[in-house]
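Heads up: the structure comes next, in structure tokens.
The values are calculated or read from the model by the stated rules, or taken from the named source; none is laboratory data. A quick note: this is a predicted structure, and the numbers were derived from the prediction, not measured. Positions of Cβ are generated from backbone atoms using ideal geometry, with glycine treated the same way; all protein chains shown enter the neighbour counts. Calculation scope for accessible area: heavy atoms of the full protein, side chains included, ligands and nucleic acids excluded. Shrake-Rupley method; radii C 1.70, N 1.55, O 1.52, S 1.80 Å.
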Amino acid sequence: MLLKEYRICMPISVEEYRIGQLYMIAKHSREQSGNGEGVAVIKNESCNHEVHGNGQFTEKRIYLSSRLPAWIASFVPNIFYITEKAWNYYPYTVTEHTCSFLPRFSINIESRYENNAGTSDNCLDLTSEELELREVDNIDIAFDELQEKHYKPEEDPTAFVSSKTNRGPLKEKWKETLEPIMCSYKAVRVKFEVFGLQTRVEDYVHKVCETFVF
């Protein structure tokens, strides 16, 4: 298993992020639909957790076969789906992904949102064994390198100014000076228990997470 903890700071509050998160989930679903592929909602119901309280459970099927790299697509059927199960107890959430064709493949994303600049050492309560395995990746939404094909000028944090809040653009060392600021902590556990492919697939999945999920 490959375990990474991503820390993504943003110049908003946890309360503001909750509103934006709902919008971005819907937008992402629309963008991922096409060529007969997309997202199908299987379940959407309330749930309860003894620690985190009331929340919402959703189960989706995500059809993404045409988006795989060639070396994986060569042995995967033309049509397959990923099952996404999500438990939302905001500001704490858990998302699990499994594949219909690869039963030994899974992704678990445990998230917590806090009003700080990524300074919490273990807000996700990882075990001592997990802390030894954990690799922390601090993502800078303004200055980390972005692939050209994913760049959108209207969404560039170093140029964008909010007409509603008058926040932006982001400058160097923005995480040290701006208020409000929040951090999305995400512990991502990737498992692919197939001899000869495990390391390659787990590394690939984390690269996809960095590009698309976060």
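A few remarks follow.
- Contacts under 6 angstrom Cβ, first residue in the range 1-26 being under 17 Å from LEU124 (Cα atoms) and in contact (Cβ under 8 Å) with a residue 12 or more places away in the chain, partner of a type in the set (Lys, Arg) and open to solvent by 40 Å² or more (accessible area, probe 1.4 Å), 6 or more apart: LEU3/ARG134; GLU5/ARG134; CYS9/LYS175
- There is at least one residue in the range 139-162 that is in contact (Cβ under 8 Å) with a residue 40 or more places away in the chain and in a strand (DSSP E or B).
- Top-ranked residue in the range 154-164 [being acidic (Asp, Glu) and at pLDDT below 95; ranked as farthest from LEU124 (Cα to Cα)]: GLU154
- Note on the range 83-100: residues that are part of a strand (DSSP E or B) and either touching a residue at least 60 places away in the same chain (Cβ under 8 Å) or farther than 8 Å from SER111 by Cα (or both) amount to 12.
- Complete set of residues in the range 165-212 that are at pLDDT 75 or above, open to solvent by less than 10 Å² (accessible area, probe 1.4 Å) and in a helix (DSSP H, G or I): TRP174
- Of residues in the range 108-154 being aromatic (Phe, Trp, Tyr) and over 15 Å from TYR6 (Cβ atoms), the one least open to solvent (accessible area, probe 1.4 Å): PHE143
- Yes/no for LYS164 being among the basic types (Lys, Arg) and on the phi > 0 side of the Ramachandran plot: no
- In the range 12-51, the qualifying residues are those that are open to solvent by less than 40 Å² (accessible area, probe 1.4 Å) and among the polar types (S, T, N, Q), and the one that is modelled with the highest pLDDT is SER13.
- Residue check, ASN54 in contact with a strand residue (DSSP E or B) (Cβ under 8 Å, 6 or more places away or on another chain), modelled with pLDDT of 75 or more and more than 18 Å from CYS183 (Cα to Cα): yes
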